[in-house]
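A short write-up of the structure that comes next.
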Amino acid sequence: VQLQASGGGLVEAGGSLRLSCTASGRSYFSSYVMGWFRQAPGKEREFVAAITFSGGSTYYADSVKGRFTISRDNAKNTVYLQMNSLKPEDTAVYYCAASRSWPAQRSKSYDYWGQGTQVTVSS
């Protein structure tokens, strides 16, 4: 499974961005839990959000709950992260990842990772 993340950029505080992550290869995309993680400079990678195989359940880190929304379109092999009310502390490289298990809040639960997309929020 190859994952390609996109949609990052520079945005002012309070603004919005939508990240996308598309899977290719022998993906059987709907058989994977999909998650988003982020890593800020000098910090460890942290969990952001995850969504189950069919999209029926989602889980969020407390720091983004109510502001971010994860969704997926299995017909397009794509998972999204809609980010609203962005804050400077959301600045990080965002990674999408695929897991065969649920729950999946730990990075070690994920088998495949995308290359990351930079999100920068200015104050």
ask   = What does the charge dipole of the chain about its Cα centre add up to, to the nearest 20 debye, if the Cβ of each Lys and Arg holds +1 and the Cβ of each Asp and Glu holds -1?
value = 260
key: Interatomic Cα distance distribution for the range 1-71, bins of 5 angstrom, percent   = 3, 13, 20, 27, 21, 10, 5, 1
ask   = So what is the relative contact order for the chain, in percent, with contacts set as C-alpha pairs under 8 Å and at least six apart?
value = 36
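For the chain, just run the numbers: alpha carbon Rg, then divide by 2.2 N^0.38 Å, N being how many residues it has.
On the way: Rg = 13.3 Å, N = 123, 2.2 N^0.38 = 13.7 Å.
Taking the Cα Rg and dividing by 2.2 N^0.38 Å, one obtains 0.97.
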query = Considering only Ser85, Gly56, Ala40, whose Cα is most displaced toward the positive end of the charge dipole of the range 1-113, charges sitting on Cβ of Lys, Arg (+1) and Asp, Glu (-1)?
reply = Gly56
request  = Would you work out what percent of the accessible area of the chain, with all protein chains in place, is carbon or sulfur (probe 1.4 Å)?
outcome  = 45
remark   = The set of residues whose placed amide H lies less than 5 Å from the amide H of Tyr112, leaving out same-chain residues fewer than 5 positions away, is Ala98
query = In the neighborhood of Glu44, defined by Cβ-to-Cβ distances under 15 Å, what is the net charge if each Lys or Arg adds +1 and each Asp or Glu adds -1?
reply = +3
key: Cut-off under 5 Å, modelled amide H: who pairs with Arg45 long-range   = none
ask   = From the backbone phi of the range 49-58, what are the Karplus-calculated ³J(HN,Hα) couplings (6.51 cos²θ - 1.76 cosθ + 1.60, θ = phi - 60°) in whole Hz, Gly and Pro given as x?
value = 7, 9, 9, 6, 3, 9, x, x, 9, 9
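Mind ranking 71-81, 2-12 by how tightly packed they are, going by the mean number of other C-beta atoms within 10 angstrom, highest first?
Highest mean packing first, the order is 71-81, 2-12.
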query = In Å², what does the accessible area per residue of the range 12-122 work out to with a 1.4 Å probe?
reply = 50
note = In whole Hz, the Karplus estimates of ³J(HN,Hα) for the range 89-98 (6.51, -1.76, 1.60; θ = phi - 60°; x where Gly or Pro) are 6, 7, 4, 4, 8, 9, 10, 9, 8, 10
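If you stretched the chain out fully between Gln2 and Arg67, how much longer would it get, using 0.36 nm times the residue separation minus the C-alpha to C-alpha distance?
Working: separation 65, 0.36 × 65 = 23.40 nm, distance 2.78 nm.
Length gained, Gln2 through Arg67: 20.6 nm.
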Reach of Lys108 by Cα under 23 Å, taken over lysines that are not fewer than 8 positions away in the same chain = Lys43, Lys65
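Per-residue counts of other Cβ atoms within 10 Å, averaged by peptide: what ranking do you get for 61-69, 86-94, highest first?
Values: 61-69: 14.6, 86-94: 17.9.
The most tightly packed comes first, giving 86-94, 61-69.
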key: For the range 68-75, 3J(HN,Hα) per residue [Karplus equation, 6.51 cos²θ - 1.76 cosθ + 1.60, θ = phi - 60°, Hz, x = Gly/Pro]   = 10, 9, 9, 8, 8, 10, 5, 5
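The values are calculated or read from the model by the stated rules, or taken from the named source; none is laboratory data. Computed from a predicted model, the values in this text were never measured in an experiment. We place every Cβ from the backbone using ideal geometry, glycine too, and count neighbours over all the protein chains shown. For the accessible areas, the whole protein counts, side chains as well, though only heavy atoms, and no ligand, DNA or RNA atoms are used. Shrake-Rupley method; radii C 1.70, N 1.55, O 1.52, S 1.80 Å.
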